[in-house]
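Below you'll find the structure, written out as structure tokens, and then a few comments.
Rule-based calculations on the coordinates, nothing more; no lab input. Every value quoted in this text rests on a predicted model; they were computed, and no experiment measured them. A quick note on method: Cβ atoms are made from the backbone with ideal geometry, for glycine too, and the neighbour counts reach across all protein chains shown.
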Amino acid sequence: MSESFGERVRSALHARGPLCVGIDPHAALLDSWGLSGDARGVREFGLRTVEAAAGRVSIVKPQVSFFERFGSQGIAALEDVLAAARAAGLLVIADAKRGDIGSTMDDYARAWLTPGSSLEADALTVNPFLGVGALDGAFALAAQHGKGLFVLAATSNPEAAALQRSTNLAGATVSASIMSEVSARNAEASLAGEWGSFGFVIGATVAWDEAGISSFTPQAPILAPGFGAQGATPADLRPRFGAMADAVIASESRSILSAGPGDLADVVAARAAEYLEVAGV
């Protein structure tokens, strides 16, 4: 049996540290890079970012929306970027935040997690707010193919606070309940001592006590947006995540991508070194 996604992340973080480069071709970035504001531009942007990331970090995270906005040509561009990243040996997290019920969710999972699919990624971000159980088909497919999921748990956008920090009769927040349900699935699917393949999205600027969340078992990767432009720095990694810091994937996009194509590789390398130092890898 091939190595699980959780164990692949564990190895990747040990090899090159926590930094994950987001591939977010915002319109303003396309313009500043001198690229066209169309599918050709996002394709070139994505491929150049993959080239800069390869050999310097272990993980990239394309934001699907920036490609989808150009319709079929944008999706074709994304397919090229996904394939190039995986061919370069990078772990690829498709940031699509899919969430639905029944066969609809199952086919979202098939699109992104089936080996050989034109949209194949190593992991997919998913939305559990129709119920964690609605994702069961995706959990099963990910486990079958050695893929991963990152379940939205405690996000940093202010609009989410009222929902995610609501409590049930037992006093657990929605975020904590999601993490408990997903952790139970990790315990069922993972061998003793292995990292789970079903991780969590937890914003780097989220105060865990306010969100009502705490450490969890078995260990599983944490995808942490919020580093860079949103305010968190490499020095914040251990103070913010404590005992769970070794499992954090620190996602940065605009703060790195704004360097432009000419300096991008050097900026990625320098930022990766900062994370390596604080992570103690």
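Quick notes on this one:
- Qualifying residue in region 48-56 (condition: more than 22 Å from VAL126 (Cα to Cα), of a type in the set (A, V, I, L, M, F, W, C) and touching a Ser or Thr at 6+ places or on another chain (Cβ under 9 Å)): no
This table checks each residue for (1) within 23 Å of ALA138 (Cβ to Cβ); (2) buried (at least 22 other Cβ atoms within 10 Å of the Cβ); (3) in contact with a Cys (Cβ under 8 Å, 6 or more places away or on another chain).
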residue	(1), (2), (3)
SER36	no, no, no
ARG43	no, yes, no
ALA52	no, yes, no
VAL60	yes, yes, yes
GLU79	yes, no, no
ARG86	yes, no, no
ASP95	yes, yes, no
GLY102	yes, no, no
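- Applying the criterion of being in contact with a strand residue (DSSP E or B) (Cβ under 7 Å, 6 or more places away or on another chain) and not aliphatic (A, V, I, L, M) to the residues of region 90-120, the residue that is nearest to LEU135 (Cα to Cα) is GLY99.
- Evaluating GLY46 against the criteria (1) of a type outside the set (Asp, Glu); (2) out of contact with any strand residue (DSSP E or B) (no Cβ under 8 Å at 6 or more places or on another chain); (3) in contact (Cβ under 8 Å) with a residue 12 or more places away in the chain leaves one unmet condition, (2).
- Residue within region 172-180 that is among the hydrophobic types (A, V, I, L, M, F, W, C), over 20 Å from PRO128 (Cα atoms) and in contact (Cβ under 8 Å) with a residue 40 or more places away in the chain present: no
- Between GLY228, GLY242, the distinction of being crowded, with 22+ Cβ neighbours inside 10 Å, under 23 Å from PHE200 (Cα atoms) and free of Cβ contacts under 8 Å to residues at least 40 places away in the same chain belongs to GLY228 only.
- Residue count, region 26-49 (criterion: part of a helix (DSSP H, G or I) and aromatic (Phe, Trp, Tyr)): 1
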